[in-house]
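Below is one structure; the comments refer to it alone.
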Amino acid sequence: MENEAYIALGSNLGDRELNLLRAVAEVGRLPECRVTALSSFYETSPVGNVKQDAFYNAVLKLSTGLLPHTLLTNLLQIETECFKRVRTIVDGPRRMDLDLLLYGTDIISEADLIVPHPRLAERRFVLQPLCEIAPRLVHPVLGITIKELLASLRTDETVTKL
């Protein structure tokens, strides 16, 4: 059975554009997975208290036969094996960050997986590219569209389409 999943991609170390392109290719190579849409790339200001360079962000839509936990495990494996990510500073600089935003209409709240992503509705750097490829998609918990979430968001983040 195929499910639609949405994955956020972010990079602020190295060649950010190349990192995003490579991550899209790596996700597309996962078993039972096919990338069916990709947003534009955006340059975004970092969020949080860590001083760091701007990010490049995007969102992809994935058709997948993988279960949510298996998909997440594969995304984390791409981060560590392909991009050598080591999690030392929370929300710190990284070559690649892959977040499972949505998995169909599933609502999952477990210690190792929360779907929809718990900060999805608060982050312009995720909502802007997600709205580009799925404006009418309804947030399964909040019951409103991504376009409506983006329109109601009040934040000082800078998000510039490349």
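Distance from the C-alpha centroid of the stretch 73-93 to that of the stretch 103-144: 21 Å, rounded to the whole angstrom. Between ASP112 and ALA25, the modelled labels are 3.0 nm apart [label points 7 Å from Cα along Cα→Cβ]. Phi-derived couplings, Karplus 6.51 cos²θ - 1.76 cosθ + 1.60 at θ = phi - 60°, listed residue by residue for the stretch 144-155: 10, 6, 4, 4, 5, 4, 4, 5, 8, 6, 10, 8 Hz, with x used for Gly and Pro. How far apart, in nanometres, would the label points at GLU17 and GLU4 be if each is projected 7 angstrom from Cα along the Cα-to-Cβ direction? Label-label distance for GLU17 and GLU4, simple model: 2.9 nm. In the chain, the alpha-carbon atoms span a convex hull of 109 Å³ per residue. Note on LYS51 and THR73: the model spin-label points, each 7 Å out from Cα along the C-beta direction, lie 4.1 nm apart. Counting only Cβ charges, +1 for Lys and Arg and -1 for Asp and Glu, the dipole size of the stretch 3-161 around its Cα centre is about 240 debye.
Using C-alpha pairs below 8 Å separated by at least 6 residues, the relative contact order for the chain is 30 percent.
Calculated mean residue ellipticity at 222 nm for the chain: -7000 deg cm²/dmol, from DSSP H runs with n ≥ 4 weighted as -39500 (n - 2.57), summed, divided by the residue count and rounded to 500. At q = 0.13, 0.16, 0.20 Å⁻¹, work out log10 I(q)/I(0) for the stretch 68-162 with the Debye formula, treating every Cα as an identical point scatterer and leaving solvent out; two decimals please. Treating every Cα as an identical point scatterer, log10 I(q)/I(0) equals -0.52, -0.78, -1.14. Using 0.36 nm per residue and subtracting the Cα-Cα separation, the extra length available between ALA151 and THR88 on full extension is 19.3 nm.
Extension gain, ARG34-LYS161: 0.36 nm per intervening residue step, less the Cα-Cα distance, totals 43.3 nm.
Only the coordinates and a few stated rules stand behind these numbers; no lab work does. In this text, all values refer to a predicted model and were calculated from it rather than measured experimentally. Ideal geometry is used to build each Cβ from the backbone, glycine not excepted, and the neighbour counts take in all protein chains shown.
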